[in-house]
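The values are calculated or read from the model by the stated rules, or taken from the named source; none is laboratory data. Here the structure is a predicted model, which means the values were calculated and not measured. Heads up, the Cβs are rebuilt from the backbone with ideal geometry, glycines too, and the neighbour counts pull from every protein chain shown.
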Amino acid sequence: MAKVCELCGKSTIAGRRIQHHHSIGWRYKAPKSKRVFKPNLKKIKVDIEGDVKSIYTCMKCYKKLRAESEE
């Protein structure tokens, strides 16, 4: 399973972790290391044209779907 929202396409992205503690070896620059940002996915069941399917959605899309169904 890929870590991708099936509604909006949000997926894993890369970034940097910056440590703002300067040790002796890092006198002028803060140490940086690579990290990943993963989407907060939830598996939900959605009725699509009469068929009930399980899809993975991010929480932003899930909240939008839930708000539309409550109205």
- Task: Take the residues in segment 41-57 that are loosely packed, with under 10 Cβ neighbours inside 10 Å and β-branched (V, I, T), then tell me which one is modelled with the highest pLDDT.
- Result: V52
- Query: Looking at K38, is it exposed (fewer than 10 other Cβ atoms within 10 Å of the Cβ) and under 24 Å from R17 (Cβ atoms)?
  - Reply: no
- Query: Of all the strands (runs of 3 or more DSSP E) wholly in segment 31-71, which have at least 1 residues that are more than 20 Å from T12 (Cα to Cα)?
  - Reply: 41-48, 51-58
